[in-house]
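What follows is a single structure, written as structure tokens, with notes after it.
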Amino acid sequence: MAIEVGSKVQGKVTGITNFGAFVELPDNSTGLVHISEVADNYVKDINDHLKVGEMVEVKVMNVEADGKIGLSIRKAKPQVERPERPERPQRPRGNNNRGGGRGNHTPPAENFEQKMARFLKDSEDRLTTLKRATESKRGGRGAKRG
């Protein structure tokens, strides 16, 4: 019986590493279940989920040309239907009213030149503040050493 991608098979855990578990399949081939494919939640220690010798159901995810077989335990489990969350109504983006109680004041739309001028001014202010902070740490206005 050849292993086919997408098929679910029973296998026996033959080895556990820090990155996953090796599972022996019915045709005596071995595949790897990566640690991210062991459970739906975060797996810090794979030994909390699997033991050597344990029989597990796995889904064949891929079979590479060099014979490596990728397996998944979490995708072999039947998918539980999750109730869909009702979509929340979208709020308009500009009126989130987090301005510290200033009401719904929205600034008038700026054109490109106004935005660029504001950006350059802010940038220059930040550079000036940064220069002052570094010069004070160096001990003065960068006097030449000599």
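The values are calculated or read from the model by the stated rules, or taken from the named source; none is laboratory data. Quick caveat, the model's predicted, so the values are computed rather than measured. All Cβ positions, even for glycine, are placed from backbone atoms using ideal geometry, and neighbour counts span all protein chains on display. With ligands, DNA and RNA removed, areas are computed over all heavy atoms of the protein, side chains included. Shrake-Rupley method; radii C 1.70, N 1.55, O 1.52, S 1.80 Å.
For segment 1-65, with every protein chain kept in place, what is the accessible area per residue (1.4 Å probe, Å²)? Could you put the intermediate results ahead of the total?
Values: 3990 Å² over 65 residues.
Result: 61 Å² of accessible area for each residue.
If you roll a 1.4 angstrom probe over the protein chains with everything in place, what fraction of the accessible area of segment 20-71 belongs to carbon and sulfur, to the nearest %? Could the numbers behind the result be given before it?
Details: 1490 of 3040 Å².
Answer for segment 20-71: carbon and sulfur cover 49 percent of the accessible area.
If we count every other residue with Cβ under 12 angstrom of LEU25's Cβ, Lys/Arg +1 and Asp/Glu -1, where does the sum land?
Details: positive: LYS8, LYS12, LYS59; negative: GLU4, GLU24, ASP27, GLU57.
Local net charge: -1.
If I model a spin label at ARG138 and ASN18 as a point 7 Å from the Cα along the Cα→Cβ vector, what separation in nanometres do I get?
Going from the ARG138 label point to the ASN18 one covers 4.4 nm.
What is the packing order of peptides 123-134, 13-24, taking the mean over residues of other C-beta atoms within 10 Å and listing the highest first? Display every interim value, and only then the final one.
Values: 123-134: 10.2, 13-24: 16.5.
The peptides rank, most packed first, as 13-24, 123-134.
In a shell of Cβ-Cβ distance under 13 Å around SER123, excluding SER123 itself, what net charge do Lys and Arg (+1) and Asp and Glu (-1) give? Please report the intermediate quantities before stating the final value.
On the way: positive: LYS115, ARG118, LYS121, ARG126, LYS131; negative: ASP122, GLU124, ASP125.
Every neighbour counted, the sum reads +2.
List the residues of segment 26-45 whose backbone N lies under 16 Å from a point placed 7 Å from the Cα of VAL63 along the Cα-to-Cβ direction.
What the label zone holds, given the 16 Å backbone N cut-off, is 26-32.
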